[in-house]
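*Asks:* Before anything else, here's the structure in question.
Values in this text are rule-based calculations from the coordinates and carry no lab data. Only a predicted model underlies this, so the values are computations on that prediction, with no experimental measurement involved. Neighbour counts run over all protein chains shown; Cβ positions are idealised from the backbone, glycine included.
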Amino acid sequence: MSADSLPPKHNARRNFLRAGLTATVATAVYPALGSARADDAAGASASAPSAKKFAVDFELDEITIDDAQKGFRSGRYSSRSIAEKYLARIEEIDKGGPMINAVIEINPEALQIADALDQERKAKGPRGPLHGIPLLIKDNIDTGDRMQTTAGSLALAGSPAPRDAFVASQLRKAGAVILGKTNLSEWANIRSSHSTSGWSGRGGLTRNPYALDRNACGSSSGTGAGVSANLCVAGVGTETDGSVVCPSSTNGLAGLKPTVGLVSRSGIVPISQSQDTAGPMARTVRDVAILLGAMAGVDARDPATAVSQRRQFPDYTKFLDPTGLKGARLGVVRKYFGFNDAVDKLMDTLLDEMKHAGAEIVDPADIPTIGKFDDSELTVFYYELKAGLAEYLARRPGSSVKSLTDVIDFNERNREREMPYFGQDIFLKSEAKGPLSSKEYLDALALNRQLSRVEGIDFVMDKFKLDALVAPTGGPAWITDLINGDHATGGSSSAAAVAGYPNINVTAGYLWGLPVGISFFGRAWSEPTLIKIAYSLEQLTKARQKPRFLPTIS
């Protein structure tokens with residue numbers, strides 16, 4: 001799925017722990033506190049496009065799930081009309097105008113599905129809060145329809161998945177309209193240690209809607225940029241380490257990486273069975289909570305979900321509490337600070353606001369094992385990628401690639417389209433590994449769990465009797481550089497990712513006009529607590545601002 005926070009010595013381009021921007025002047029802003037072009041995709045420019053005239057403002061800007069449902073009830077909107085408006089907006093600003101390039105493919109059946117849901121609403125009433133709501137999902141999530149599922153790779157183009165991923169099926173069951181699929185960092189950023197987030201051979205480059213020459217982060221780049229640019233009501237991304245929370249941070253969204261096992265991974269192109277998960281991304285924490293309730297569920301095709309039976313909730317909105325910070329004990333993970341002075345100042349300002357709202361701040365509350373599981377995390381990825389991809393591809397009967405070796409060979413044969421900027425060194429290292437019974441793999445997996453859980457998050461939360469840990473999600477978006485690859489600006493995703501524990505991002509404020517997120521993470525199955533805390537902060541700051549599609553930050 002996604003791997004944007006790999007260990008620094010192995011991943012100079014996507015590791016959140018590596019600082020890349022030098023901050024000199026910054027202003028934090030808190031309003032409330034005072035289908036893609038596959039033929040030329042590989043040649044997509046990283047520079048801001050010369051945008052044709054387009055409307056910055058849009059009728060459905062910042063609309064929430066509740067707003068849409070009110071519109072349906074009043075007769076102002078129908079599912080079809082709102083879907084048509086989004087499709088027109090995608091044409092205007094995603095494929096034209098500023099060319100965000102977030103959407104890799106439109107669902108050709110979207111309007112037909114919307115019509116059917118409108119008829120059902122009239123005949124029976126709505127199924128629930130997602131009835132008729134247009135969503136975008138990442139292009140590594142299988143849909144058993146006329147859309148493709150390619151993980152951004154031309155190797156999987158032309159062979160649609162035979163059935164829906166469990167997550168897609170859950171969304172359809174809830175009445176959502178899957179409007180289309182979003183671009184991503186190809187193979188969810190696990191192909192190369194020199195890649196550029198948001199670029200894929202099939203989809204080209206996704207741009208950050210706040211500043212078009214800046215990166216949307218990844219690997220859920222298209223979902224992050226598309227939801228932020230108001231191309232849909234909400235969306236779904238995936239994460240292995242950072243790929244929900246980072247694009248949520250750089251695109252000014254709320255985004256939740258759930259506990260591994262709360263949301264099924266069946267039918268999702270894999271990286272790591274021990275860390276992969278899908279997660280909701282939206283403009284508000286409330287919409288994230290609504291999506292999570294629909295996505296969660298026990299799936300026989302994913303054994304990891306069996307333990308979630310008594311730990312999931314059909315409605316996470318009941319945990320939304322504007323006073324949720326009052327009495328919450330929050331531990332500040334200072335080891336995740338220090339990569340940007342302006343980000344530190346912004347976080348400290350927010351910590352003071354949380355204190356005033358009644359939170360108990362324990363500062364510092366550092367995880368003693370940070371950095372100690374970097375190598376073992378990568379080792380686990382190598383083994384699990386090779387095994388998981390072979391298992392996934394075996395269920396794609398029309399695919400011409402059936403193994404990681406086949407994918408490597410395809411990339412070599414199609415080097416001009418697939419590898420114009422970066423290679424596939426991670427794929428090659430993964431292919432060299434043995435089976436999941438290998439001692440090296442089993443030792444690395446056990447070490448990951450010991451260091452990230454027992455001696456990591458669980459240890460520090462027990463020591464200080466904490467409800468959650470808090471840290472900056474990352475820095476402001478960096479300038480996209482296809483030649484040299486990513487130079488991410490710090491981050492905090494790895495501990496929760498390796499542990500398989502939940503992590504939620506919410507917009508903290510803005511630096512130089514670019515959004516910066518704050519993360520709350522904690523024990524397994526603590527989504528209710530994290531949602532409550534994140535929602536309370538969101539209501540306190542009302543920090544999110546819609547993007548203005550600027551060519552650059554002056």
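*Asks:* In debye, nearest 20: dipole of the range 62-541 around its Cα centre with unit charges on the Cβ of K, R (+) and D, E (-)?
*Replies:* 1240 debye
*Asks:* Please list, in chain and number order, the residues 5+ apart from residue 138 or on another chain whose amide H is under 5 Å from its amide H, with Hs placed from the backbone.
*Replies:* Long-range HN contacts for residue 138: 182, 236.
*Asks:* Could you tell me what percent of the DSSP beta bridges with both partners in the chain are antiparallel, to the nearest 5?
*Replies:* Taking every DSSP beta bridge with both residues in the chain, the antiparallel ones total about 65 percent.
*Asks:* Beta carbons within 10 angstrom, averaged per residue: use that to sort the peptides 280-287, 224-231, highest first.
*Replies:* In decreasing order of mean packing, 280-287, 224-231 become 224-231, 280-287.
*Asks:* Right, next: Can you list residues whose amide H is under 5 Å from residue 97's amide H, if they're 5+ apart or on another chain and H is modeled 1.01 Å from N?
*Replies:* Residues meeting the criterion, in which the H sits 1.01 Å from N, are 52.
*Asks:* What are the ³J(HN,Hα) values, in whole Hz, obtained from phi via the Karplus relation 6.51 cos²θ - 1.76 cosθ + 1.60 with θ = phi - 60°, for each residue of the range 400-414 in sequence order, with x given for Gly and Pro?
*Replies:* 7, 10, 10, 7, 4, 4, 4, 5, 4, 5, 4, 4, 5, 6, 10
*Asks:* Moving to a separate point now. Assuming a ≥ b ≥ c are the square roots of the Cα gyration tensor eigenvalues, decide whether the range 75-129 counts as rounded (a/c under 1.5), prolate (otherwise, with a/b larger than b/c) or oblate.
*Replies:* prolate
*Asks:* Could you give the length gained on full extension between residue 361 and residue 483, defined as 0.36 nm per residue of separation minus the Cα-Cα distance, in nm?
*Replies:* 39.7 nm
*Asks:* Follow-up question, since we're still on this one. Could you give the spread of the C-alpha atoms of the range 62-541 along their three principal axes, from largest to smallest, in whole angstroms?
*Replies:* For the range 62-541, the Cα extents along the three principal axes come out at 59, 53, 44 Å.
*Asks:* While we're here: Based on the Cβ-Cβ distance from residue 329 to residue 412, what FRET efficiency comes out when R0 is 60 Å, to the nearest 0.05?
*Replies:* Between residue 329 and residue 412 the formula returns 0.65.
*Asks:* If packing is taken as the average number of other Cβ atoms within 10 Å across a peptide's residues, how do 166-173, 399-406, 426-433 rank, most packed first?
*Replies:* Listed from highest to lowest mean packing, they are 166-173, 426-433, 399-406.
*Asks:* Given 0.36 nm per residue, what is the gain on full extension from residue 425 to residue 310 after removing their alpha carbon distance, in nm?
*Replies:* Answer, rounded to one decimal: 37.3 nm.
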